[in-house]
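Take a look at the structure below.
The values are calculated or read from the model by the stated rules, or taken from the named source; none is laboratory data. Just so it is clear, the model here is predicted, and its values are computed rather than measured. Neighbour counts are summed over all protein chains in view; Cβ atoms, including those assigned to glycine, are modelled from backbone coordinates with ideal geometry.
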Amino acid sequence: MTLKYKQILIAVDGSDGAHYAFRKSVEIAKRNNAVLNLIYVVDTRSSMVMTKRIPDPTNAFTEYGKELLEDYKKEALETGVLEVKTFVAPGSPKTVISHEYAKRVNADLIVCGAQGLNALEHFFMGSVSEHIVRSSSCDVLVVRKGDSEKAEGQIKTEL
């Protein structure tokens, strides 16, 4: 058994929490010389309910995801991550991340923000991060943004 991570899967959605989780995953990837696998899930559930068909893969959400991932990939490579792979996938984020793509990339760590963009879904069905923690077969790091950044700044100024 090794204590190093080799394949890190980071879920991003454009939220501040996901960006902070991305920054932490970059540091973990650098320390472990790990591959950073970035995933953006185009949530197809709501459009399928309304249209009864899977959305066009060239729609605005897919294009946004591709651009977001390219920006993150560039940033990760510039800061020293050796290898970055990107994935835009349709489906439910809860299952696509923890079931499909974690297995596909052989992830030994999944990193996600504590709360992403979809607060309404969290209210009705529970958070994506909560589901990932419960259903994943590998380690999961749920990153909280906010108080830890403030506390870190206070510690540095007090020293």
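Scanning region 76-91 for residues that are surrounded by 15 or more Cβ atoms within 10 Å (Cβ to Cβ) and either over 18 Å from residue 101 (Cα atoms) or not β-branched (Val, Ile, Thr) (or both) returns 76, 81, 87, 89, 90, 91.
Within region 1-26, residues that are on the phi > 0 side of the Ramachandran plot reach partners that are in a helix (DSSP H, G or I) and modelled with pLDDT under 95 with beta carbons closer than 8 Å, at six or more positions or on different chains, in the pairs 14/64. Checking 94, 73 one by one, the residue that is part of a helix (DSSP H, G or I), of a type in the set (Lys, Arg), at pLDDT below 90 and surrounded by 16 or more Cβ atoms within 10 Å (Cβ to Cβ) is 94 and no other. Of all residues being surrounded by 17 or more Cβ atoms within 10 Å (Cβ to Cβ) and among the polar types (S, T, N, Q) in region 119-145, which is modelled with the highest pLDDT? Just the residue, please. Step by step, filter region 119-145, then rank; the result is 136. Applying a threshold of 9 Å to beta carbon distances and a minimum spacing of six or more residues, or different chains, the list of pairs starting in region 61-81 at a residue that is in contact (Cβ under 8 Å) with a residue 60 or more places away in the chain and ending at one that is assigned to a helix (DSSP H, G or I) reads 72/19; 72/22; 72/26.
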